[in-house]
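Comments concern the structure below.
The values are calculated or read from the model by the stated rules, or taken from the named source; none is laboratory data. Not measured: the values here are computed from a predicted model. Glycine gets a Cβ as well: all are built from the backbone with ideal geometry, and neighbour counts include every protein chain shown.
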Amino acid sequence: MATDIEKSLLIIVLDINPMQKLIKQVITQVLSSTIVFANAHLMQRSNNILAFMSCHDHGAEFLYPKDDMPGVRQYDGQYEKFSQLEHTVRKQIHKIVGEMPMKHSNETLISGALSMGLCYITRLEREKYAGEKINSRMIVITGSVDSATQYMHYMNIFFTAQKMGIILDVCSLEHELTLLQQGCDLTGGNYLKLPQNNGKPNIPGLLQYLMWIFLPDPAIRSKLVLPPPVKVDYRAACFCHQELIDTGYVCSVCLSIFCKIRPICTTCHTMFKFAVPLAHKPKKRKKAIDMVQ
Amino acid sequence: MADDEMEDEKEYRWESGYEKTWEAIKEDDQGMLEASVADIILKAKRKRQLDRKQGSRLGMMRHMYLILDCSESMTNQDLKPTRFLCSIKLLEDFIEEFFYQNPISQLGVIITRNKRAEKITDLTGNPKKPIKDLQALQQTSFTGEPSLQNSLELALKTLKMLPAHASREILVIMGSLTTCDPGDIGETIQTVKADGIRCSVIGLAAELNVCKILAVNTGGEHGVVLDDKHFKEKLTAHIDPPPAATRLDAALVKMGFPHHALQASTTELSVAVCMCHADQPNENGRYTNPGYLCPQCFSKHCELPVECRSCGLTLVSAPHLARSYHYLFPIQQFQELENQQMQTNCYACQKRFTDVDKKVYNCGKCKKIFCVDCEIFIHESLHTCPGCATNTDLTMQKISNNKST
Ligand SMILES: [Zn+2]
Ligand SMILES: [Zn+2]
Ligand SMILES: [Zn+2]
Ligand SMILES: [Zn+2]
């Protein structure tokens, strides 16, 4: 009876958008660190599974595993699975970068990669044997800036992941990412902005951070000394000025947020008959049970 | 009664479809039947999804009272293990899902037995509370007759106090075939109707005329369950918000978006008593960290969403609101296509299409092809099309749209 087979699935999403100032210079270094990190995950237990994705401003794709992976050969006595992973990932990234259109934007489609990742996880969940348990998590490694355009996608992804018990980890190479940070907080994952070294991101230390913070299984993490949790900003951005507010007015029909009282909702065009704050009903302190005889 | 039978037949057509499709069930390569049975279930699921009305105006601040019959009839064993235990189990899932899909809504629980009605959970935005209270009921006894009128009156007392923009609902789970009412229930039904409260009834035994009248008059649904699966289906129908009654007034509601207060941020925060636990006798949990501070009066709460205990401001986190935005911007249905091997893999989950995959699904916007499982997952859970989310033009288009409005 295969009752207690536990598998650990890690999906790595690597941002290879060439518009990132940083990535241009250090892509090889980041890629090498990430591949070593991926192999370390596979090495921990023979049951561990891995998926490697890349994303950029023109899309996102699965690099590993692939249906048509090259045959397994041994290089210098390296474990076949490792060389297969490295070979496949490098070859495909090379191909993707080569085929990229010339026009670029700062907008890396991380949300797209994450949504595909969730579909992939659901498929493995569907295809697993009875008694098998898959613990899934996703890690995003990116040097891009936050993107408010993908806000809706991000929120959908975070809530779905939260519901499915999938952990989202984020390792930001250069910028503070408030949106992805909320995702980490919602799903119980770790968020790390790579510490600076002489004003520059500490890329040579990347591998060490990955191994320390993101490699351990979530079950073990509570026992480790990790960087203190970041203060997550849960304030809302008003729809009218995109400014962060801590009290605001919410349309009761569509839940659009505004910073000032207004006669009409700009999202759903509802006219507000009266614009008053929610009537405050005093709370009963007594614990008596209401009874109707 | 005849009407109802017709209705049940309609409701359950996919089940009868189930029986007739034995011929359609074929063994797969390994001689397994599961694949084709699963296929039939998937089709049924997809149908439910297609039936879902889209774009209707939604009163998303829902306030629902669950009225649960706890009379002797609930010990009946026609649902396994008993009617009551079966209901509790299904209601737990229902409550979780209700709050997941309607994040800023509130739900309360009223039970009725011995001709009385008793409120066991006040309207709350936290799913844990009603679930805990329902589970605690297992220790109590189920006696006497229920009273529909008393329960409705009790729910009415709270619901009619709510502001006009709130949608109000009552969901009755009725196991008994009788109800013991002190007065004219017709009057109560009229009052409920006048207050715009939508009442639905799920009968566990058989149809009660008074329940039918209640549901029909208030625009709710009425049905009798056939088995536990059907019961679940009936409950699921109440998870999506009902199209709000047109008389519902729209309003701007003031809300607070609290910061996360961590121990490290300020020293005085760490000793602040959390308002949700302030009235509990035991000291444990009163000084919990972290918490959320009301931006208006700075009292601390340990969970969101919550109505501030001291100033009454509704406190939510911005992502909580965002969770309902998918009702505003639903993704359109995908087009069903015959699988003609134009794509070898599902765009989202990378599954390789085989001969088993008779149908594939095409997103009209990004033109990507998906398998049936992903199609369902995308529409029922994810609410984001991976194809569209990985398409530069569609993302950029959204920016320009936002700018123009
Ligand atoms: Zn609106
Ligand atoms: Zn307050
Ligand atoms: Zn798929
Ligand atoms: Zn699409």
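Quick check on my filter: what residues within region A:91-115 are in a helix (DSSP H, G or I) and either within 11 Å of chain B (Cβ to nearest Cβ) or among the polar types (S, T, N, Q) (or both)? Explain how you work it out, then say what you get.
First, pick out the residues of region A:91-115 that are in a helix (DSSP H, G or I): A:91-99, A:110-115.
Once the filter is applied, which keeps residues that are in a helix (DSSP H, G or I) and either within 11 Å of chain B (Cβ to nearest Cβ) or among the polar types (S, T, N, Q) (or both), region A:91-115 yields A:92, A:110, A:111, A:112, A:113, A:114, A:115.
One residue is enough: does region A:215-238 have a residue meeting the conditions in a loop (DSSP other than H, G, I, E, B), surrounded by 13 or more Cβ atoms within 10 Å (Cβ to Cβ) and within 16 Å of ligand 2 (Cβ to nearest atom)?
yes
So which pairs qualify, if the first residue must be in region A:191-215 and on the phi < 0 side of the Ramachandran plot, the second must be part of a strand (DSSP E or B) and not polar (S, T, N, Q), the Cβ gap must be under 6 Å, and the two must be at least 6 apart or on different chains?
A:191/A:170; A:192/A:171; A:194/A:201; A:213/A:192; A:214/A:139; A:214/A:169
A quick yes/no check of all residues on (1) more than 14 Å from chain A (Cβ to nearest Cβ); (2) in contact with a Gly (Cβ under 8 Å, 6 or more places away or on another chain):
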site	(1), (2)
B:168	no, yes
B:186	yes, no
B:190	yes, no
B:197	yes, no
B:200	yes, yes
B:207	yes, no
B:212	yes, no
B:226	yes, no
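Let's see how each residue does on (1) loosely packed, with under 13 Cβ neighbours inside 10 Å; (2) closer than 30 Å to residue B:255 by Cβ:
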| position | (1), (2) |
| --- | --- |
| B:312 | no, yes |
| B:320 | no, yes |
| B:325 | no, yes |
| B:331 | no, yes |
| B:334 | no, no |
| B:338 | yes, no |
| B:346 | no, no |
| B:354 | yes, no |
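Can you tell me which of (1) within 12 Å of chain B (Cβ to nearest Cβ); (2) touching a residue at least 24 places away in the same chain (Cβ under 8 Å); (3) within 21 Å of residue A:192 (Cα to Cα) is the one residue A:164 doesn't meet?
The failed condition is (3).
Rundown of residues vs (1) within 13 Å of ligand 3 (Cβ to nearest atom); (2) of a type in the set (D, E, K, R); (3) modelled with pLDDT of 85 or more, yes/no style:
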residue	(1), (2), (3)
B:284	no, no, no
B:301	no, no, no
B:305	no, no, no
B:313	no, no, no
B:360	yes, no, yes
B:366	no, no, yes
B:373	yes, yes, yes
B:387	yes, no, yes
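Within the group A:203, A:166, which residue is over 19 Å from residue A:138 (Cα atoms), buried (at least 18 other Cβ atoms within 10 Å of the Cβ) and touching a helix residue (DSSP H, G or I) at 6+ places or on another chain (Cβ under 7 Å)? First the steps, then the outcome.
On the way: A:166 fails: over 19 Å from residue A:138 (Cα atoms).
When all the criteria are applied, what remains is A:203.
Mind checking which residues of region A:115-135 are farther than 14 Å from residue A:62 by Cβ and of a type in the set (Gly, Ala, Ser)?
Kept after step one, since they are farther than 14 Å from residue A:62 by Cβ, are these residues of region A:115-135: A:122, A:125-135.
A:130, A:131 - these are the residues of region A:115-135 that are farther than 14 Å from residue A:62 by Cβ and of a type in the set (Gly, Ala, Ser).
Quick grid of which residues meet (1) within 16 Å of ligand 3 (Cβ to nearest atom); (2) under 21 Å from residue A:219 (Cα atoms):
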position	(1), (2)
A:119	yes, no
A:129	no, no
A:132	no, yes
A:149	no, no
A:158	no, yes
A:166	no, yes
A:173	no, no
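Residue A:198 passes all but one of (1) more than 13 Å from chain B (Cβ to nearest Cβ); (2) touching a Phe, Trp or Tyr at 6+ places or on another chain (Cβ under 7 Å); which number fails?
(2)
Does residue A:54 fit the bill of being under 29 Å from residue A:221 (Cα atoms), in a helix (DSSP H, G or I) and more than 16 Å from ligand 4 (Cβ to nearest atom)?
no
Only one of these is buried (at least 21 other Cβ atoms within 10 Å of the Cβ) and either touching a helix residue (DSSP H, G or I) at 6+ places or on another chain (Cβ under 6 Å) or within 14 Å of chain A (Cβ to nearest Cβ) (or both): B:131, B:110. Name it. It would help to see each step written out before you state the result.
Values: B:131 fails: buried (at least 21 other Cβ atoms within 10 Å of the Cβ).
Among B:131, B:110, only B:110 is buried (at least 21 other Cβ atoms within 10 Å of the Cβ) and either touching a helix residue (DSSP H, G or I) at 6+ places or on another chain (Cβ under 6 Å) or within 14 Å of chain A (Cβ to nearest Cβ) (or both).
Just to be sure, is residue A:265 surrounded by 11 or more Cβ atoms within 10 Å (Cβ to Cβ), more than 7 Å from chain B (Cβ to nearest Cβ), at pLDDT 75 or above and within 13 Å of ligand 1 (Cβ to nearest atom)? Steps first, please.
On the way: surrounded by 11 or more Cβ atoms within 10 Å (Cβ to Cβ): yes; more than 7 Å from chain B (Cβ to nearest Cβ): yes; at pLDDT 75 or above: yes; within 13 Å of ligand 1 (Cβ to nearest atom): yes.
Yes: the conditions hold for residue A:265.
Given the structure, is residue B:397 more than 16 Å from ligand 2 (Cβ to nearest atom), closer than 30 Å to residue A:255 by Cβ, modelled with pLDDT under 90 and more than 7 Å from chain A (Cβ to nearest Cβ)?
On the way: more than 16 Å from ligand 2 (Cβ to nearest atom): yes; closer than 30 Å to residue A:255 by Cβ: yes; modelled with pLDDT under 90: yes; more than 7 Å from chain A (Cβ to nearest Cβ): yes.
Spelling it out, residue B:397 is indeed more than 16 Å from ligand 2 (Cβ to nearest atom), closer than 30 Å to residue A:255 by Cβ, modelled with pLDDT under 90 and more than 7 Å from chain A (Cβ to nearest Cβ).
Say we look at region A:269-283 and pick out the residues that are assigned to a loop (DSSP other than H, G, I, E, B) and at pLDDT 75 or above; which of these is farthest from the other protein chains (Cβ to nearest Cβ)? First the steps, then the outcome.
Narrowing region A:269-283 to residues assigned to a loop (DSSP other than H, G, I, E, B): A:269-270, A:272-273, A:275-283.
After this cut, where a residue has to be at pLDDT 75 or above as well, the list is A:269-270, A:272.
Working: A:269: 10, A:270: 4, A:272: 5 Å.
The qualifying residue farthest from the other protein chains (Cβ to nearest Cβ) is A:269.
Looking at region B:349-365, is at least one residue in contact (Cβ under 8 Å) with a residue 40 or more places away in the chain, of a type outside the set (A, V, I, L, M, F, W, C) and more than 11 Å from ligand 4 (Cβ to nearest atom)?
Step one: of region B:349-365, the residues in contact (Cβ under 8 Å) with a residue 40 or more places away in the chain are B:356.
After this cut, where a residue has to be of a type outside the set (A, V, I, L, M, F, W, C) as well, the list is none.
Checked against the condition, which is being in contact (Cβ under 8 Å) with a residue 40 or more places away in the chain, of a type outside the set (A, V, I, L, M, F, W, C) and more than 11 Å from ligand 4 (Cβ to nearest atom), region B:349-365 yields no hits at all.
Output the number of residues of region B:351-389 satisfying the condition of being in contact with a strand residue (DSSP E or B) (Cβ under 8 Å, 6 or more places away or on another chain) and either within 16 Å of ligand 1 (Cβ to nearest atom) or not in a helix (DSSP H, G or I) (or both).
14
Any idea which of (1) more than 8 Å from chain A (Cβ to nearest Cβ); (2) part of a loop (DSSP other than H, G, I, E, B); (3) touching a helix residue (DSSP H, G or I) at 6+ places or on another chain (Cβ under 9 Å) is the one residue B:348 doesn't satisfy?
It is condition (1) that residue B:348 fails.
Would you please list the contacts, defined by Cβ atoms under 8 Å and residues six or more apart or on different chains, that run from a residue in region B:308-326 that is more than 19 Å from residue B:162 (Cβ to Cβ) to a residue that is at pLDDT 75 or above and near ligand 2 (Cβ under 8 Å from one of its atoms)?
Going by the 8 Å Cβ cut-off, the qualifying pairs are B:310/B:294; B:310/B:297; B:310/B:299.
Mind checking whether some residue in region B:75-98 is within 12 Å of chain A (Cβ to nearest Cβ), surrounded by fewer than 22 Cβ atoms within 10 Å (Cβ to Cβ) and at pLDDT 90 or above?
No, because not a single residue in region B:75-98 is within 12 Å of chain A (Cβ to nearest Cβ), surrounded by fewer than 22 Cβ atoms within 10 Å (Cβ to Cβ) and at pLDDT 90 or above.
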